[in-house]
Amino acid sequence: MKDEVKKSDVLIQVIAKIGSMSEIARMFDLTPQAVQQWSVVPLDYALPLSKACEIPLELFHKQKTESLQ
């Protein structure tokens with residue numbers, strides 16, 4: 001069994017609001033496997049996911065900073 005990628009709190013919130021990683025993949029024409037590799041939401045997808053999930057954009061930027069510590 002593969003090691004599970006630790007996910008940021010924001011990514012966990014996004015998955016819960018969108019419904020699944022597969023749904024997120026469909027939104028951006030990605031494979032579900034690509035989204036499963038995310039530990040944080042890539043900034044390229046932060047704005048549309050922020051709007052879709054009604055999560056402040058600042059939280060997406062903060063997750064990137066926290067992952068570097």
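Values computed for the structure shown
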read-out	value
Scan of segment 43-55 for residues that are open to solvent by 70 Å² or more (accessible area, probe 1.4 Å) and out of contact with any His (no Cβ under 9 Å at 6 or more places or on another chain), ordered by number	Asp44, Leu47, Lys51, Glu54
Index of the failed condition, Leu11 passing every other in (1) open to solvent by 40 Å² or more (accessible area, probe 1.4 Å); (2) outside any loop (DSSP other than H, G, I, E, B)	(1)
Residue among Val5, Val40 that alone is open to solvent by less than 90 Å² (accessible area, probe 1.4 Å), assigned to a loop (DSSP other than H, G, I, E, B), closer than 15 Å to Leu59 by Cα and of a type outside the set (Lys, Arg)	Val40
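Here's the yes/no breakdown for (1) modelled with pLDDT under 95; (2) part of a loop (DSSP other than H, G, I, E, B); (3) of a type in the set (Ser, Thr, Tyr):
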site: Ile15; (1), (2), (3): no, no, no
site: Leu30; (1), (2), (3): no, yes, no
site: Gln33; (1), (2), (3): no, no, no
site: Tyr45; (1), (2), (3): no, no, yes
site: Ala52; (1), (2), (3): no, no, no
site: Glu58; (1), (2), (3): yes, no, no
site: His61; (1), (2), (3): yes, no, no
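The values are calculated or read from the model by the stated rules, or taken from the named source; none is laboratory data. What you are looking at is a predicted structure, and each value in this text was computed from that prediction instead of being measured. So basically every Cβ, Gly included, is an ideal-geometry build from the backbone, and we count neighbours across all protein chains shown. Heavy atoms of the whole protein, side chains included, go into the accessibility calculation; ligands, DNA and RNA do not. Shrake-Rupley method; radii C 1.70, N 1.55, O 1.52, S 1.80 Å.
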